[in-house]
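The values are calculated or read from the model by the stated rules, or taken from the named source; none is laboratory data. These numbers come from a predicted model, not from an experiment. Please note: Cβ atoms are built from the backbone with ideal geometry, for glycine as well, and neighbour counts cover all protein chains shown.
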Amino acid sequence: MTNSLGTITRSAPTLETEHLVLRAFRRDDLDAHAATLGDPAIMRYLGGKPTSREDSWRKLMMAVGQWPLLGFGFWAVETKADGRMVGQAGLCDFERGLEPDISGAPEMGWIFDRSVHGQGFAAEACRAVIEWADRELAPELIWAIISPDNAASLKLAERLGFERVGDNVYHGDPIAIFKRAAR
């Protein structure tokens, strides 16, 4: 089975970088995942409210479920040094109904635990995701939406080669819309 971006990958392949392993989510990731998504400081840019454990579980299952449907999705990100899950990075298509319409193309996203902010893990993981996408999907564009108040993510998007193309409102919150052309 294929989609417009290439062959459907049924589950997240394992990617390794210098300091990280990007891998499929597992059931035992729930505690770390829920802790990150339940952190008000993290979630202030992602809807404003901490996520409950139940909703964190749903989001974890959604991350797994994207792979057989879309051929891409999110990876759990763990450090090689201690095997601790410290975040997630990947691609999605949430059919958001935004203008410009970003549906049908991969949308980049990342969320990392506050304990690892400033260590370069998000950039390292996101570069691995982009390299995988360029090689395996060859998309014309990759999109990203980011809160205009999230200075660290705005800076990271620009370092990853994304260009800000507009602003909009999503679920009542302002967002900046970025795109990255194929390499």
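Quick notes
- For region 101-110, the criterion of a residue being touching a Ser or Thr at 6+ places or on another chain (Cβ under 9 Å), in contact (Cβ under 8 Å) with a residue 12 or more places away in the chain and crowded, with 18+ Cβ neighbours inside 10 Å is satisfied by at least one position.
- Failed criterion for Gly83 (all others in (1) more than 21 Å from Leu46 (Cβ to Cβ); (2) at pLDDT 95 or above; (3) surrounded by 15 or more Cβ atoms within 10 Å (Cβ to Cβ); (4) out of contact with any Leu (no Cβ under 8 Å at 6 or more places or on another chain) hold): (3)
- Residue identified as surrounded by fewer than 15 Cβ atoms within 10 Å (Cβ to Cβ), under 14 Å from the mean Cα position of the chain (by Cα), aromatic (Phe, Trp, Tyr) and in a loop (DSSP other than H, G, I, E, B) among Phe72, Phe94: Phe94
- Residues of region 127-171 satisfying the condition of being outside any loop (DSSP other than H, G, I, E, B) and touching a helix residue (DSSP H, G or I) at 6+ places or on another chain (Cβ under 7 Å): Ile142, Ala144, Ile146, Leu156, Arg159
- First in region 117-131 and under 16 Å from Glu107 (Cβ atoms) and in contact (Cβ under 8 Å) with a residue 12 or more places away in the chain, second anywhere and surrounded by 20 or more Cβ atoms within 10 Å (Cβ to Cβ) and of a type in the set (Lys, Arg), Cβ under 9 Å, 6 or more apart: Ile130/Arg180
- Any hit, region 137-147, residues being in contact with a Ser or Thr (Cβ under 6 Å, 6 or more places away or on another chain) and either in contact (Cβ under 8 Å) with a residue 12 or more places away in the chain or not hydroxyl-bearing (Ser, Thr, Tyr) (or both): yes
- Comparison of Gly6, Gly71, Gly48, Gly90 shows that the only residue that is modelled with pLDDT of 95 or more and small (Gly, Ala, Ser) is Gly90.
- Matching entry among Asp101, Asp82, Asp31 (being acidic (Asp, Glu) and assigned to a helix (DSSP H, G or I)): Asp31
A quick yes/no check of all residues on (1) touching an Asp or Glu at 6+ places or on another chain (Cβ under 7 Å); (2) hydrophobic (A, V, I, L, M, F, W, C):
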{"residue": "Ala34", "(1), (2)": "no, yes"}
{"residue": "Ala41", "(1), (2)": "no, yes"}
{"residue": "Leu46", "(1), (2)": "no, yes"}
{"residue": "Trp57", "(1), (2)": "no, yes"}
{"residue": "Met61", "(1), (2)": "no, yes"}
{"residue": "Phe74", "(1), (2)": "no, yes"}
{"residue": "Met85", "(1), (2)": "yes, yes"}
{"residue": "Ile111", "(1), (2)": "no, yes"}
{"residue": "Arg114", "(1), (2)": "yes, no"}
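- Cβ separations smaller than 7 Å between residues 6+ apart or across chains give the following pairs from region 20-45 residues that are within 15 Å of Phe74 (Cα to Cα) to residues that are outside any strand (DSSP E or B) and aromatic (Phe, Trp, Tyr): Leu20/Phe121; Leu30/Trp57.
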